[in-house]
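Heads up, the thing below is written out as structure tokens.
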Amino acid sequence: MRQSLSILERLEGNGRDVRAERASALQTLAIAEQSEQIAEQSLTLYRELGDHWGTAFMLCTLCYCIPWEPANYERLQNLYQEALSIAQAAGDRAN
């Protein structure tokens, strides 16, 4: 995945908008490494792009990356609630 990010960097250096591809690559890397920081980077890109589905999914992915400890429960609940609200507004009837 890091190799993909390197390729995307080169493409971006050549003037290409690779934010969507970078968001997806970071999402996969965040899951693989269970990295909150990388998940936040991906979430930021999905928000910038106005990608509601990507944002909702990434909010859930971020919750996967945050330790499930009592100190984090309120934050986790807020992130899941935001993901649910975005998904419902985008028309996801499964929630």
### Query
Can you give the longest stretch of the chain with no exposed loop site, where a site means trypsin sites (Lys or Arg not before Pro) in a DSSP loop (not H, G, I, E or B) with at most 13 other C-beta atoms within 10 Å?
17-92
### Task
Could you calculate the FRET efficiency of residue 12 with residue 85 from 1/(1 + (r/R0)^6), where r is the beta carbon distance between them and R0 is 41 Å, rounded to 0.05?
0.85
### Message
Solvent-accessible area of residue 85, probe 1.4 Å, all protein chains present, reported in Å² to the nearest ten, please.
### Response
60 Å²
### Query
Considering only protein heavy atoms and a 1.4 Å probe, what is the carbon-and-sulfur percentage of the accessible area of the chain?
49 percent
### Summary
Residue-ordered couplings for region 68-83, obtained by feeding phi - 60° into the Karplus form 6.51 cos²θ - 1.76 cosθ + 1.60 and rounding to whole Hz (Gly and Pro as x), are 7, 10, x, 5, 9, 4, 5, 4, 4, 4, 5, 5, 5, 5, 5, 4
### Query
How high is the relative contact order of the chain, in percent, with contacts defined as C-alpha pairs under 8 Å that are six or more residues apart?
22 percent
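The values are calculated or read from the model by the stated rules, or taken from the named source; none is laboratory data. Fair warning: this is a prediction, and the values are worked out from it, not measured in the lab. Please note: Cβ atoms are built from the backbone with ideal geometry, for glycine as well, and neighbour counts cover all protein chains shown. Side chains are part of the model used for accessible areas, which takes the heavy atoms of the whole protein and leaves out ligands, DNA and RNA. Shrake-Rupley method; radii C 1.70, N 1.55, O 1.52, S 1.80 Å.
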